[in-house]
1. Taking the range 144-168 on its own, how many of its residues are among the small types (Gly, Ala, Ser), over 17 Å from the mean Cα position of the chain (by Cα) and assigned to a helix (DSSP H, G or I)?
2. Within the range 273-294, can you find the residues that are within 16 Å of the ligand (Cβ to nearest atom) and either of a type outside the set (A, V, I, L, M) or open to solvent by 10 Å² or more (accessible area, probe 1.4 Å) (or both)?
3. Which of (1) over 22 Å from the mean Cα position of the chain (by Cα); (2) within 15 Å of the ligand (Cβ to nearest atom) does ARG319 not meet, given it meets every other one?
4. Condition first: assigned to a helix (DSSP H, G or I) and either open to solvent by less than 40 Å² (accessible area, probe 1.4 Å) or of a type in the set (D, E, K, R) (or both). Now tell me which residues in the range 296-331 satisfy that.
5. Which condition number does ARG35 fail, the rest of (1) in contact with a strand residue (DSSP E or B) (Cβ under 8 Å, 6 or more places away or on another chain); (2) more than 16 Å from the ligand (Cβ to nearest atom); (3) open to solvent by 70 Å² or more (accessible area, probe 1.4 Å) being met?
6. Pick from GLY46, GLY63, GLY90: which is in contact with a helix residue (DSSP H, G or I) (Cβ under 6 Å, 6 or more places away or on another chain), in a loop (DSSP other than H, G, I, E, B), surrounded by fewer than 18 Cβ atoms within 10 Å (Cβ to Cβ) and not polar (S, T, N, Q)?
7. Condition (residue is out of contact with any helix residue (DSSP H, G or I) (no Cβ under 6 Å at 6 or more places or on another chain), more than 29 Å from GLU400 (Cα to Cα) and crowded, with 21+ Cβ neighbours inside 10 Å) applied to the range 263-272: is it met by at least one residue?
8. Based on this model, can you work out whether VAL47 counts as within 12 Å of the ligand (Cβ to nearest atom) and of a type in the set (A, V, I, L, M)?
Amino acid sequence: MSDPLDIVILGGGTAGWMAATALVTFMPSSRCRVRLVESDEIGIVGVGEATLPQMKNFNDALGIDEAEMMRATKGAFKLGIEFVDWGKKGARYIHPFGVHGPADMAHIFHHRWVKALRAGWESDIQDYSFAVQAARMRRFDFPSKDQAAIESTFSYAYHFDASLYSVFLRGIAEERGAIRTEGKVRDVVRDPQSGDVRSLTLESGQSITGDLFIDCSGFRSILLDKTLGVGWEDWSKWLPCDRAFAVPSERGEFTPFTRSTAMEAGWRWRIPLQHRTGNGYVCSSSFIKDDDAAASLLRSVDAKPLAEPRMLKFQAGRRVVSWDKNCVAVGLASGFLEPLESTSIYLIQVAILQLLPLLPAKRIDPRLRDEFNRLIDMEYERIRDFLILHYKLNTRDDAEIWRYCAAMEVPDSLRHKIELFLSTAEQKSAIGRRKTRPSCYMPGGVA
Ligand code: FAD
């Protein structure tokens, strides 16, 4: 039997500890050894409070006790996202987790509803979602296990403190065999022939060698960007927001959903946790000055702020490939699409789950790498199009950003999806009436 694969994870944020926990849980120690390096001095990005229902599957597969996780991360349940002032001012729409209509009609419900509208039926599709009804009543319960019951037609996700989630996972990963080294990486040593990464040198002088490196170093992207020079694909012409101002506030109204409110130069999130509410304004510096954005956020927070707004800069896009040589980027090191539909932690989960069955032996087989990159590309582009659609379909003309987005060209892949949607007569009438956004055709139904 060959030696186990030595995997070194650089970074201990959400991405690093999710990867470490999954590897030590799903792979036998005879197959791989897992080591994680993180720097307390650098710390983690520390935002990322809203998730998708897939997070529950991930935690369940890891054998995590849900109640324990919720206690440890000050978590709350999430039934969907309420979009306010998107599309047009005054609009209010909940994107629920789950299906519309009875369970046995889920696949045809939108079509039946549109047909009824055309026949003169006046109704809102939101009335047929169990998750929306519960969200409107500010109630949460677990879905019924009886698949025929209407109470089984929704799923749920979490709001949690992402910093606490990393700490929680660290405890599990270390207990199951992951080795953590604290220290700042000063140098990366490469093989002169292959260009593969051989080891990380810490500021203490310690050297950490490995066969496969997982770059979870966040926006710094130490291995993929700084070491291997993998290019960046900039998507900011379609997703123009490049800043977020985040501020926690005292707990206000407790809603079992995230609220996303369109603003003068972007949008604002509101995420209730057990002990506080997370607030943030995601905006574009082309359309608003930093001071004005921070002031606008503070004016709109509905409870006492607990700190000054903290600014985070970013650019929407991704590394041209996520796996190069013997390095795989996961999390912010591989790319970032703004948090409008809470898809970043989901993308981490996808990368880990795609990587597990493609883990190489001691020598990297390029076919595994290419397949991983193909799968990750699809996922990024699918989510990118889904996010762009939110901006493109707006009909607001009260601010420059909305006029820009309504007029902008979209990627061919998205144009194709919109054309497909419009070519179906019944769905066309739904768009015309603007009763709902075309969620039945959201690429792949991410959420
Ligand atoms: P980080 O948390 O930045 O971790 C990087 C790690 O690398 C740290 O441990 C650091 O110490 C280590 N490191 C870096 N350099 C070195 C070095 N030289 N030596 C040693 N260690 C090093 N996602 C969602 O799913 N939902 C959301 O609601 C959401 N909201 C967001 C809002 C904003 C404004 C932003 C910017 C992001 C949001 N995200 C959200 C994304 C989410 O925050 C990240 O996907 C997630 O936290 C993963 O981050 P990470 O682990 O990749 O990086």
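The values are calculated or read from the model by the stated rules, or taken from the named source; none is laboratory data. Since the model is a prediction, treat every value here as computed from it, not as a measurement. Methodologically, a virtual Cβ is constructed for each residue, glycine included, from the backbone with ideal geometry; neighbour enumeration extends over all protein chains shown. Heavy atoms of the whole protein, side chains included, go into the accessibility calculation; ligands, DNA and RNA do not. Shrake-Rupley method; radii C 1.70, N 1.55, O 1.52, S 1.80 Å.
1. Adding up the residues that qualify gives 1.
2. Result: ARG276, THR277, GLY278, ASN279, GLY280, TYR281, CYS283, SER284, SER285, ILE288, ASP290, ALA294.
3. So the condition that ARG319 fails would be (1).
4. SER296, LEU297, ARG299, SER300, GLY331
5. (2)
6. Result of the check over GLY46, GLY63, GLY90: GLY46.
7. yes
8. So VAL47 passes the test.
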